[in-house]
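The values are calculated or read from the model by the stated rules, or taken from the named source; none is laboratory data. Please read all numbers here as calculations on a predicted model, not as lab measurements. Positions of Cβ are backbone-derived with ideal geometry, glycine not excepted, and every protein chain shown enters the neighbour counts. Please note that ligands, DNA and RNA were not included when accessible areas were found on the heavy atoms of the full protein model with its side chains. Shrake-Rupley method; radii C 1.70, N 1.55, O 1.52, S 1.80 Å.
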Amino acid sequence: MPWLYLQSRVLWISQGSNILAVKRLPEGLKMDSPLMNLKMGHKEDISRFVVTDDMIYSASSDKNIYGWSISTERPRPVFCLKAIHSQSILGIDCKRNILVSGSKDSTIKIWQLQETGSPNCTQTVNVSDRVWCVAVNPSLASIAVGSAGYNSVHPIQLYDTERGDELPITRSVRKNGAAVFDIRWESPDVFLTCGHDTVIRLWDLRLGRCVHAWTDPFNAPGYCLATDQHYSILCGTAHHGRAQLWDKRSTSSVQSYFGRSMASSPVYSLSFDSNQLFLAQDSSINVLDFSGYHQPGSHRADYSAYWQNKPQLTH
């Protein structure tokens, strides 16, 4: 399941056990010659990674976390936390000096980053449910956790970063298996969630509850979220390579975007700005153009050929 992170001139892409830095172009991506290739680290597929100013932190099914320095043209691993969970690590996030990991083993671990050497684990919290995603509050005060929604555990939970205690938040009764797959903080008080129950929710900690909800028009689970921090929300769905655009000021969806794939692939990760939308599917990266740049006969580029290590590019 590929993961994306968008910067102004670069798109970071996880592919198997590697992470690529690909140059952005007006017409798409320069996939044939990546700017960086972070490899010789993980032995199994990378589940997620997070990019900071000069570091990348990656989590994998091999139960390890790598910290990579990307401050020079030749990236290097700074540390490796080996077998820190008993099962695959599915969630990772980092804000300033706080790193958090979440695993299928039903625990999250909170790490304190050091100026040199490996991070120190300050808390291990038993969530009592498979953890799908974690997100650190920009204020560092709390951590939002998305889980599978089984074992009588609500799939959205909030924990105190320093003490590891669960924090109160009002949640509706949810059916078993209503997993939360992605969480995005918009401010220290507001975050978004999406998941298996097909609903995007906006949570406000000042009120301690969900304050707005948007249901997918085709009742498809939501796999990933992206936001411009203002009014726009994009949600990658489980079917047909579809991403759904929402305006927070409206209860109705604005538009659907479809990527191309060899099968009816979910959108596992997405990222966007005012010029382009990037969709990561099972065997391809799709680029949809918002800028007005005209490709011959299309406004969409499909990089499945490079994804499968073939030399041609299909438009």
Requested in this report: Could you figure out which of (1) open to solvent by 30 Å² or more (accessible area, probe 1.4 Å); (2) within 16 Å of Ser86 (Cα to Cα) isn't true of Asp53?
Outcome: (2)
Query raised in the report: Quick one: would you say Arg24 is basic (Lys, Arg), open to solvent by 10 Å² or more (accessible area, probe 1.4 Å) and not in a loop (DSSP other than H, G, I, E, B)?
Result: yes
Query raised in the report: Only one residue in Leu81, Leu11 is within 27 Å of Ser261 (Cβ to Cβ) and among the hydrophobic types (A, V, I, L, M, F, W, C), so which one is that?
Result: Leu11
Requested in this report: Kindly check whether there is at least one residue in segment 282-293 that is modelled with pLDDT of 90 or more, in a loop (DSSP other than H, G, I, E, B) and either under 18 Å from His240 (Cβ atoms) or open to solvent by 50 Å² or more (accessible area, probe 1.4 Å) (or both).
Outcome: no
**Report entry** Within segment 70-117, strands (runs of 3 or more DSSP E) holding 3 or more residues that are modelled with pLDDT of 95 or more and of a type outside the set (Phe, Trp, Tyr)
**Finding:** 89-95, 98-103, 107-112
Query - Number of positions in segment 69-96 that are open to solvent by 30 Å² or more (accessible area, probe 1.4 Å) and touching a residue at least 40 places away in the same chain (Cβ under 8 Å) - result: 2
Report task. Identify the residue in segment 43-69 that is in a loop (DSSP other than H, G, I, E, B) and hydroxyl-bearing (Ser, Thr, Tyr) and, among all such residues, is nearest to Gly117 (Cα to Cα). Result -> Thr52
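Would you confirm, using the coordinates I've provided, whether Ala135 is of a type in the set (Gly, Ala, Ser), under 25 Å from Ala21 (Cβ atoms) and touching a strand residue (DSSP E or B) at 6+ places or on another chain (Cβ under 9 Å)?
Yes, satisfied.
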Requested in this report: Looking only at segment 146-166, count how many residues are open to solvent by 30 Å² or more (accessible area, probe 1.4 Å), polar (S, T, N, Q) and in contact (Cβ under 8 Å) with a residue 12 or more places away in the chain.
Outcome: 1
Query - Subset tally (residues that are open to solvent by 50 Å² or more (accessible area, probe 1.4 Å) and among the acidic types (Asp, Glu)) for segment 99-145 - result: 1
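For segment 19-52, give me each residue that is in contact with an Asp or Glu (Cβ under 7 Å, 6 or more places away or on another chain) and acidic (Asp, Glu). Outline the logic, then answer.
Going through segment 19-52, the residues in contact with an Asp or Glu (Cβ under 7 Å, 6 or more places away or on another chain) turn out to be 42-44, 50.
The answer is Glu44, and nothing else.
Residue by residue, here is whether (1) open to solvent by 60 Å² or more (accessible area, probe 1.4 Å); (2) hydroxyl-bearing (Ser, Thr, Tyr) holds:
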{"site": "Cys210", "(1), (2)": "no, no"}
{"site": "Ala213", "(1), (2)": "no, no"}
{"site": "Asp216", "(1), (2)": "no, no"}
{"site": "Ser232", "(1), (2)": "no, yes"}
{"site": "Thr237", "(1), (2)": "no, yes"}
{"site": "Asp247", "(1), (2)": "no, no"}
{"site": "Ser250", "(1), (2)": "no, yes"}
{"site": "Gln255", "(1), (2)": "yes, no"}
Query raised in the report: In the list Tyr223, Tyr257, which residue meets the criterion of being part of a strand (DSSP E or B) and either free of Cβ contacts under 8 Å to residues at least 24 places away in the same chain or within 25 Å of Pro155 (Cβ to Cβ) (or both)?
Result: Tyr223
Report summary line: For segment 167-208, the count of residues that are open to solvent by 60 Å² or more (accessible area, probe 1.4 Å), within 20 Å of Val127 (Cα to Cα) and in contact (Cβ under 8 Å) with a residue 12 or more places away in the chain equals 8
